[in-house]
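The values are calculated or read from the model by the stated rules, or taken from the named source; none is laboratory data. Given the structure is predicted, the values throughout are model-derived calculations rather than measurements. Cβ atoms come from the backbone with ideal geometry, glycine included; neighbour counts cover every protein chain shown.
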Amino acid sequence: MISSKDTVKEAILKAKSKKVYIEGNFVKLLAKTTDPEVKEYLEECRKRDLAQRRKRLDITKQVQAQNKELEEAAVIKGALVIELQNSLEETKQLRDEAIEDLEVMQKRTQFELISTIVKVALYVIVGVGVLTTGMYAWAIGSGTDTQIIGSTWSNMFGILLTNAFSIVGTIMGVKYATDKD
């Protein structure tokens, strides 16, 4: 126990001049005295120590409350991050499905266009062939000289067949050239 009157008197002088007081367990170590000035000083030290402890306790509680709020916010943030990641994955999946549907629609449209072109080309070729054959048959039936018409008819059919295969080959080549696989 500290009982030196000089030490206590010096502590009282420091308290008066610089407003510095003894705190904590050190106050308990001071010897009990009958000196009213020392008693008053010790009582002031105890009051200040108690006030400082309350203040530190309030600060500790405030920090703990803030830490709890931060932990809750971190949990909410984590949940939001997971939700955003799930939404991103779902969006990517929907985008991929939309792209696939678009490609199917484009291929179907291309196929229908190619089919129409081939049909029209074949109708023209068949029409020219039927018309030329009809004219050749009419010339034969009417007794007209068919030597020139026969060779023309033969050449016409060769050209029509060549053009038919050329058109179909070109369309099929374009179709397979633009195919990704």
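Residue pairs whose Cβ atoms lie under 8 Å apart, separated by 6 or more positions or on different chains, with the first residue in region 137-164 and within 24 Å of V120 (Cβ to Cβ) and the second among the acidic types (D, E) and loosely packed, with under 10 Cβ neighbours inside 10 Å, do not occur. Applying a threshold of 8 Å to beta carbon distances and a minimum spacing of six or more residues, or different chains, the list of pairs starting in region 45-72 at a residue that is closer than 10 Å to E23 by Cα and surrounded by 10 or more Cβ atoms within 10 Å (Cβ to Cβ) and ending at one that is of a type outside the set (A, V, I, L, M) and at pLDDT below 95 reads C45/Y21; C45/E23; R48/Y21; R48/E23; D49/Y21; D49/E23; D49/G24; Q52/E23.
Conditions (1) of a type in the set (A, V, I, L, M); (2) more than 25 Å from the chain's Cα centre (by Cα); (3) not in a helix (DSSP H, G or I), marked per residue:
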{"residue": "K55", "(1), (2), (3)": "no, yes, no"}
{"residue": "Q64", "(1), (2), (3)": "no, yes, no"}
{"residue": "A79", "(1), (2), (3)": "yes, no, no"}
{"residue": "E83", "(1), (2), (3)": "no, no, no"}
{"residue": "E90", "(1), (2), (3)": "no, no, no"}
{"residue": "A98", "(1), (2), (3)": "yes, no, no"}
{"residue": "E103", "(1), (2), (3)": "no, no, no"}
{"residue": "I114", "(1), (2), (3)": "yes, yes, no"}
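Among the residues of region 82-124, those identified as free of Cβ contacts under 8 Å to residues at least 40 places away in the same chain and of a type in the set (A, V, I, L, M) are I82, L84, L88, L94, A98, I99, L102, V104, M105, L113, V120, V124.
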